[in-house]
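Structure first, then comments.
The values are calculated or read from the model by the stated rules, or taken from the named source; none is laboratory data. Computed from a predicted structure; not experimentally measured. As a convention, Cβ positions derive from the backbone with ideal geometry for all residues, glycine included, and neighbour counts pool all protein chains shown.
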Amino acid sequence: MRLTADIWVSAYLTRLRLLEIPAFVVQRGDNTAGAVLIKLNTLDGQACCYQRSFDLMTGARRWVVLTAGQEADVDQSIAKQRSFDPDLWVIEVEDRAGRHLLDEPGLD
């Protein structure tokens, strides 16, 4: 069973909250069809944005880096994506250690 975007986001935010990793919804997208971007802000002027992708060899879903670098540049890239996709969800995770949990089972 494939989770809808709103349920996936809620579950993801709960996992982060349980580990006391601050995160919040920057852009709420479509509940059923919205893609999700995760912005990891390391609170040092740097950031990384992840998007879900398909591995063409295995068909598995995985998280890949869309863009990384200066936070302002990452924000600009996210804004560009938002202009193309009004259904897009954007979640910002703030963690100095760079934890995002996207490599955890069940978050692919």
Suppose we filter GLY34, GLY98 for residues that are closer than 22 Å to THR4 by Cβ and small (Gly, Ala, Ser); which single one remains?
GLY34
For the stretch 47-55, check the following and say yes or no: at least one residue is surrounded by 14 or more Cβ atoms within 10 Å (Cβ to Cβ) and more than 24 Å from PRO105 (Cα to Cα).
no
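So that you can scan it fast, the table gives a plain yes or no per residue for (1) over 17 Å from ILE21 (Cβ atoms); (2) over 14 Å from the mean Cα position of the chain (by Cα):
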{"residue": "GLY34", "(1), (2)": "yes, no"}
{"residue": "ASP44", "(1), (2)": "no, yes"}
{"residue": "GLN51", "(1), (2)": "yes, no"}
{"residue": "PHE54", "(1), (2)": "yes, yes"}
{"residue": "GLY59", "(1), (2)": "yes, yes"}
{"residue": "TRP63", "(1), (2)": "no, no"}
{"residue": "LEU66", "(1), (2)": "yes, no"}
{"residue": "GLN70", "(1), (2)": "yes, yes"}
{"residue": "ASP73", "(1), (2)": "yes, yes"}
Kindly provide the set of residues from the stretch 66-86 that are part of a helix (DSSP H, G or I), hydroxyl-bearing (Ser, Thr, Tyr) and touching a residue at least 12 places away in the same chain (Cβ under 8 Å), ordered by number.
SER77
With respect to ARG62, is the statement that it is in contact with a Ser or Thr (Cβ under 9 Å, 6 or more places away or on another chain) and either surrounded by fewer than 17 Cβ atoms within 10 Å (Cβ to Cβ) or in a helix (DSSP H, G or I) (or both) true?
yes
Single residue of GLU20, GLU94 found to be under 21 Å from PRO105 (Cα atoms), exposed (fewer than 11 other Cβ atoms within 10 Å of the Cβ) and at pLDDT 95 or above
GLU20
Is the stretch 11-26 home to any residue that is over 14 Å from the mean Cα position of the chain (by Cα) and within 21 Å of GLN81 (Cα to Cα)?
no
